[in-house]
Amino acid sequence: MKSTVKLTSEEIDRALLDVAAFVFARHGFAQGPVQAIADAAGYSKAAVLKRFGSKERIQSAVVARTEEHVTRVAAAADGLPVGPRRDAALLEALVELIQEWPGTGALIVGAFWLTRDPEVLERLSRAQRTLLEAFDPRMWSDEERHVRVVSAIGAVTSTMMANRDTRWTDLTDVVVAAGLGALGHTTPV
């Protein structure tokens, strides 16, 4: 039976932007077709373009949302010293983000190879840097820590993305523990 509940304009935009983030994560910004966004979202290409105006405006909105989401995840570390509790808070926030915005999760992981456009690359790189530095602002001088943080983000994101249909909300602790393991934490927080 088809649902009779109508989505609000904001809900439609939200869904389209998350689908667009997936498409851009998979194909890159230059090669990510508006038709693929429309198909994945169940809309016509004309309807998508009517809402956003152009592929460039969709791209800009997706990047802006990614920046906002990363800032929200990074805020989970506010007031916590670098260490296992901070790492756990950030990983939990990342899991929540990916549950709500899976396309953003895909975009965060693939940010560096998605585009050659300097402005977009700078914005995505800045968002990715914000996330990395939330774990440890000094990570750039510690190569092992850098690798571990990137591995933890990748592990959590990949796990959540691989299981986005079943939404492992009941297994969040297990996903976070896997990320903490990548960070070298062997005991529960």
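Derivation of every value follows stated rules applied to the coordinates shown; laboratory data play no part. Computed from a predicted structure; not experimentally measured. No Cβ is skipped: glycine too gets one built from the backbone with ideal geometry, and neighbour counts run over all protein chains shown.
A few comments on the model shown:
- Shape of segment 1-102 from the C-alpha gyration tensor: prolate (a/c of 1.5 or more and a/b above b/c, with a ≥ b ≥ c the square roots of its eigenvalues).
- C-alpha long axis of helix 143-162 to longest principal axis of the chain, angle in °: 40 degrees
- The C-alpha atoms of the chain define a longest principal axis, and helix 172-182 lies at about 60 degrees to it.
- Candidate aspartates and glutamates for bridging to residue 55, where Cα separation is under 18 Å - those fewer than 8 sequence places away on the same chain excluded: 13, 18, 39, 117, 119
- In terms of the mean number of neighbouring beta-carbon atoms within 10 Å, the peptides 44-50, 62-68, 101-107, 133-139 order highest first as 101-107, 62-68, 133-139, 44-50.
- The chain: relative contact order as a whole-number percent, Cα under 8 Å and 6+ apart: 23 percent
- Test item: Cα-centred dipole of segment 1-109, Lys/Arg +1 and Asp/Glu -1 on Cβ, debye: 440 debye
- Inter-label distance for residue 6 and residue 130, nm, one decimal - labels placed 7 Å from Cα along Cα-to-Cβ: 3.5 nm
- The charge dipole of segment 40-165, taken about the Cα centre with unit charges on the Cβ atoms of Lys, Arg (+1) and Asp, Glu (-1), comes to about 520 debye, rounded to the nearest 20.
- Among 170-180, 75-85, the peptide with the highest mean count of other Cβ atoms within 10 Å heads the list, and the full ranking is 170-180, 75-85.
- Crossing angle, helix 118-135 versus the chain [Cα axis fit, 0-90 degrees, rounded to tens]: 40 degrees
- Using just its DSSP H runs of length 4 or more, each adding -39500 (n - 2.57), the chain gives a mean residue ellipticity at 222 nm of -22500 deg cm²/dmol after division by all residues.
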